[in-house]
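The structure appears right after this line, and notes come after that.
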Amino acid sequence: MQLPQKHSAEGTTIFTVMSALAQQHSAINLSQGFPDFPVDQRLGQLLHEAVQEGFNQYAPMPGLPQLRQAISNDFSKRYGVDVNPDTEITITPGATYAIYTAFTSILQPGDEVIVLEPAYDSYIPNIETNGAKAITVPLISPSFKVDWNKVKDAISAKTKAIIVNTPHNPTGAIWTRQDWDQLAALVRNTDIIIVSDEVYEQLVFDGKEHYTVLQHAELRKRSFAIYSFGKVFNNTGWKIGYCIAPPDFTKAFRRIHQFLCFSVNTPAQYAIATYLSQPRLPDVAKMMQQKRDYFLDLLKKTPFKIYGPAAGSYFQTVSYEQISDMPDREFAEYLTKEYGVATIPISAFYLGKKDDKLIRFCFAKKEETLAKAVDRLSKLQPMVTNTHSSALLSGLTQQG
């Protein structure tokens, strides 16, 4: 029996691979993007209350009305935009699901979608599973800004959508208002749809602000905007996200959603709705910036090269070009096995596995976790001879 190969990705995701390798070698897991500290106690209490008060059956297909209203109120307060909770917001089991559903609601075989690389690894399989083709455009390394001339050159009569991501995973780069204006100029007088992945929208540092596609009046009319409570409230295992889109886009989205998942975890929706309605919420950006700054200060003890601090997200990208000339995946596996710290190779975020000798660390961890990891990494020494023999020698020296 032969089953269809729906996309070009091979095997399991790099996140699964590196987390499994970390567990196998008792390594500190700075690879996958999840916190190792508890959620706000109040949020946990609200989940318990939701179960006790009977919020245990199916929620309405678009999501609990009180959660959609709380999101609408939140966006009005934080961004000054009006979002209709009934016709523009759909609650989803995570943001990755929402991205897939957005693509499924618009793509047909033969369509093309422009993807800016490095890119979160679900984008291209989502596109290909829907019979469309990903057209990749590289960001400018090491700043990871957009080369708008290359984006313009990638647009064709078959271009159905462009997916963007800010703050960016894996690099932490963020978009400015000028970036959105450039995008608007390119898609003006076309039917190109924007899928805007904004899951780290509240994790922006150094006094900078996130500019959402919803604030851009021209682009908002043609955009699906995707968000994640897991990234904001550090409860990634709850798998609650949402999609905000114009009413006609939302109808198309829900046409797929109702038969793909139909309903999302009811007690978690209730807990988040109540939590969002508090007069004052914790400053999640301040807390995460403190972790970033602490981690960057620790990294000074290591031979890694940092081109610039992450402007947002959970992640810091570093170069190991002064340490080794190993391929990045091999180097990431080497760090996990020999030094007990798991990372993600940046080539995993490119369709063609482009290798710039960069790896990604997740700093959304307790301070003691970060300190322990960097203590191990500080023992790294540059490999000046043949890569494999140097790696072997270094490993033997550690064991000895």
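Every read-out reported here was derived from the displayed coordinates using simple, explicitly stated rules and does not represent laboratory data. All values reported here derive from a predicted model rather than from experimental measurement. Please note: Cβ atoms are built from the backbone with ideal geometry, for glycine as well, and neighbour counts cover all protein chains shown.
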Just the Cα atoms of region 59-276: what Rg and Dmax do they give in Å? 16.4, 47
Cα lying deepest toward the dipole's positive end in the chain, options F229, Y270, V195, charges on Cβ: Y270
Between N165 and residues 5 or more places away or on another chain, which pairs have amide H atoms under 5 Å apart, with H built 1.01 Å from N, and which residues are they? D197
Where labels lie 7 Å past Cα in the beta-carbon direction, separation of N84 and Q66 in nm: 2.5
Positive end of the charge dipole of the chain (Lys, Arg +1 and Asp, Glu -1 on Cβ, about the Cα centre): tell me which of S156, A102, P170 has its Cα farthest that way. A102
Taking θ as phi - 60°, what are the ³J(HN,Hα) couplings along region 30-45 by the Karplus curve (6.51, -1.76, 1.60), each to the nearest whole Hz, with x for Gly and Pro? 9, 8, 6, x, 9, x, 10, 10, x, 6, 3, 4, 4, 5, x, 5
For helix 387-399, report the angle its Cα long axis makes with the longest principal axis of the Cα atoms of the chain; keep it between 0 and 90° and round to the nearest 10°. 80
Residue by residue through region 85-93, which ³J(HN,Hα) values in whole Hz follow from phi under the Karplus form 6.51 cos²θ - 1.76 cosθ + 1.60 (θ = phi - 60°), with glycine and proline marked x? x, 8, 10, 10, 10, 10, 7, 10, x
Amide H neighbours of I193 under 5 Å, at least 5 residues apart or on other chains, H built in the peptide plane: list them. A161, I162
Report, by chain and number, residues whose modeled amide H sits under 5 Å from the one on I344, excluding near sequence neighbours (fewer than 5 apart, same chain). R360
Computed about the Cα centre, the charge dipole of region 59-276 from +1 Lys/Arg and -1 Asp/Glu charges at the Cβ has a magnitude in debye, to the nearest 20, of 280
Roughly what angle does helix 14-24 make with the longest principal axis of the chain, taking Cα atoms, 0 to 90 degrees, to the nearest 10? 50
State the three equivalent ellipsoid semi-axes of the chain, derived from the C-alpha gyration tensor as the square roots of 5 times its eigenvalues, in descending order and whole Å. 35, 26, 20
Note, ³J(HN,Hα) from phi for region 197-207, Karplus 6.51, -1.76, 1.60, rounded to Hz, x at Gly and Pro: 8, 10, 5, 9, 4, 9, 10, 10, 10, 6, x
Name the residue from I244, L351, A364 whose Cα lies farthest towards the positive end of the charge dipole of the chain, charges +1 on Cβ of Lys and Arg and -1 on Cβ of Asp and Glu. I244
Does region 295-361 come out rounded, prolate or oblate, given a ≥ b ≥ c as the square roots of the eigenvalues of its C-alpha gyration tensor, rounded meaning a/c under 1.5 and, failing that, prolate meaning a/b above b/c? oblate
How large is the charge dipole for the chain, taken about the Cα centre, if only the Cβ atoms of Lys, Arg (+1) and Asp, Glu (-1) carry charge, to the nearest 20 debye? 100
For R42 and K366, compute 0.36 nm times the residue count separating them, minus their Cα-Cα distance, and round to one decimal in nm. 114.7 nm
Which percentage, to the nearest 5, of the DSSP beta bridges contained in the chain is antiparallel? 45
Take every Cα-Cα pair in region 45-164 and report what % of them are more than 20 Å apart. 60
Computed about the Cα centre, the charge dipole of region 113-165 from +1 Lys/Arg and -1 Asp/Glu charges at the Cβ has a magnitude in debye, to the nearest 20, of 220
Counting only helical runs of four or more DSSP H residues, what would the 222 nm mean residue ellipticity of the chain come to if each run contributes -39,500 (n - 2.57) and the total is spread over all its residues? -11500 deg cm²/dmol
Checking the a/c ratio against 1.5 first, then a/b against b/c, what shape does the Cα gyration tensor give for region 185-298? oblate
